[in-house]
Amino acid sequence: MNLSGKVAVVTGATSEIGHATALRLAAEGAAVAVTGHTAAKLDRVVADLRKVGAKLHAAALDLSQPATVEGFFAEVAGALGPVDILVNTAAWRVRQPFLETTYADWRRTFEVCVDSYFLCSLAAARQMVPRKWGRIVHYGSISGSVMMVPFAAYTAAKGAVHALAKAMAVDLAPHGITVNVVAPGVVETQYVRANLTPAQIQKRLERIPAGRLASPEDCAAAVAHLTAPDMGYVTGQVVYVDGGFLSAGVLAK
């Protein structure tokens with residue numbers, strides 16, 4: 001999976017999954033541009049990338065605005081070169097069932113989880129098309145396929161991400177660009193530890209055939225494989241990183 005000479009963009013790199021993904025692509029030899037909402041958290045990602053000697057570019061941005069996205073991708077091209085790989089990781093979720101979801105929460109979820117993916121993909125693809133090569137990976141979720149109570153807006157947004165990837169895969173295939181989704185199950189992150197009780201985590205573990213939660217590094221490994229130079233014939237796919245959770249057929253509330 002040698003990515004030497006490739007330029008990768010990882011949005012949402014301040015999340016644990018995004019952080020691990022940026023480090024994995026750097027370890028494979030890519031120059032990496034990272035974004036995040038919080039400058040202090042982004043500084044920690046930058047520090048870790050520098051430890052592994054990565055060539056990098058970083059910016060704390062809200063990528064739900066077209067002008068911001070266009071400016072950022074122009075900066076990346078100037079600093080590192082045209083983008084070869086895009087990994088959309090930015091996420092926002094509101095812990096509310098459908099009847100309690102406000103329109104403001106709905107819009108913000110879609111701005112971060114869908115609008116930014118569309119805008120960043122469009123900007124990246126326009127740099128990829130002239131060179132007839134590119135890899136785009138969206139982070140989806142098992143909740144893009146099944147309802148994860150009580151995240152109504154997030155479930156809808158991730159379903160949209162999965163559908164967007166299929167549409168993009170068809171339209172971009174003639175240009176040598178692949179588009180796929182990595183859909184994690186329950187990942188052992190600070191967010192999960194803060195929002196699930198030990199008993200709730202145990203219920204999920206009982207339904208995961210692999211017997212453990214996913215790690216951010218598990219997710220990053222899937223991205224690394226999908227962005228490899230020899231993966232040009234795999235496109236429009238949703239790769240579930242869930243330890244067999246969905247295949248087991250039962251979700252815990």
Checklist (1) out of contact with any helix residue (DSSP H, G or I) (no Cβ under 7 Å at 6 or more places or on another chain); (2) touching a residue at least 12 places away in the same chain (Cβ under 8 Å); (3) in a helix (DSSP H, G or I); (4) surrounded by fewer than 20 Cβ atoms within 10 Å (Cβ to Cβ) applied to VAL112, failing item: (4)
Where LYS166 falls short, out of the listed (1) modelled with pLDDT under 95; (2) within 25 Å of THR235 (Cα to Cα): (1)
Wholly enclosed helices (runs of 4 or more DSSP H) of the stretch 143-238 bearing at least 2 residues crowded, with 20+ Cβ neighbours inside 10 Å: 152-172, 216-226
In the stretch 1-42, the residues that are under 19 Å from ALA91 (Cα atoms) and over 18 Å from the mean Cα position of the chain (by Cα): ALA39, ALA40
Qualifying positions in the stretch 167-219 - within 22 Å of THR21 (Cα to Cα) and of a type in the set (Lys, Arg): ARG193, ARG212
Subset of the stretch 1-49 (residues that are over 15 Å from ALA79 (Cβ atoms) and of a type in the set (Lys, Arg)): ARG24, LYS41, ARG44
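The values are calculated or read from the model by the stated rules, or taken from the named source; none is laboratory data. Small disclaimer: the values here were computed from a predicted structure and weren't measured. Cβ sites come from the backbone with ideal geometry, for glycine too, and all protein chains shown count toward neighbours.
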